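Here's the structure, in structure tokens; my notes come after.
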Amino acid sequence: QVQLVESGGGLVQAGGSLRLSCAASGSYFSINSMGWYRQAPEKQRELVAVIDSAGSTNYAESVKGRSTISRDNAKNTVYLQLNSLKPEDTAVYYCNARLRFTWTSNWSNYWGQGTQVTVSS
């Protein structure tokens, strides 16, 4: 079984910052990419940021310049630093990991349970 455990969400005022963490645990062979997605009420889940095993990153336009994704491969943990938060950043943030269980198996996507981020104006 694979678990992704998120932490760091909460209520913050506009202009503030938060740091989200997500730790992967369980039995698997390797993790390729890890990332963060978010889903606001009545909206589809969208990519926020992703980082691959080599450290290459990709950000949504809406958070570029305001966020930093990083990864500690030794701890199987991904972080998302969110700065200059806006009310429109309010959403449930989900951690994602793309991993495989053997050298030859297909890659599978796993999701955390989500952490609420609420930005007040």
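The values are calculated or read from the model by the stated rules, or taken from the named source; none is laboratory data. Here the structure is a predicted model, which is why all the values come from computation and not from measurement. No Cβ is skipped: glycine too gets one built from the backbone with ideal geometry, and neighbour counts run over all protein chains shown. Keep in mind that these areas ignore ligands, DNA and RNA; they rest on the heavy atoms of the full protein, side chains included. Shrake-Rupley method; radii C 1.70, N 1.55, O 1.52, S 1.80 Å.
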Qualifying aspartates and glutamates (Cα of each under 18 Å from Cα of LYS64; at least 8 residues distant if same chain): GLU46, ASP52, GLU88, ASP89
Gain upon complete extension [SER108, GLU61; 0.36 nm per residue less C-alpha separation]: 14.3 nm
Sparse-neighbour loop sites [chymotrypsin sites (Phe, Trp or Tyr not before Pro); the stretch 36-107; at most 15 other C-beta within 10 Å; DSSP]: PHE101, TRP103, TRP107
Mean separation of Cα contacts under 8 Å (6+ apart) over length of the chain, as relative contact order %: 36
Cα principal axis extents for the stretch 1-101, largest first, Å: 40, 25, 21
GNM top mover of ALA14, ALA91, ALA74 - the chain, alpha-carbon springs below 10 Å: ALA74
The stretch 3-44 versus the stretch 75-102: alpha-carbon centroid distance in Å: 3
Trypsin sites (Lys or Arg not before Pro) restricted to the stretch 1-107 and DSSP loop, no more than 12 other C-beta within 10 Å: LYS43, LYS64, LYS75
Per residue solvent-accessible surface (Å²) - the chain, probe of 1.4 Å: 54
Filtered GluC sites (Glu not before Pro), the stretch 45-121: DSSP coil and at most 12 other beta carbons within 10 Å: GLU61
Most fluctuating residue given options GLY55, GLY15, GLY26, as computed from a GNM of the chain linking Cα atoms under 10 Å: GLY26
Fraction of accessible area attributable to carbon and sulfur, the stretch 1-95 (%, probe 1.4 Å): 45
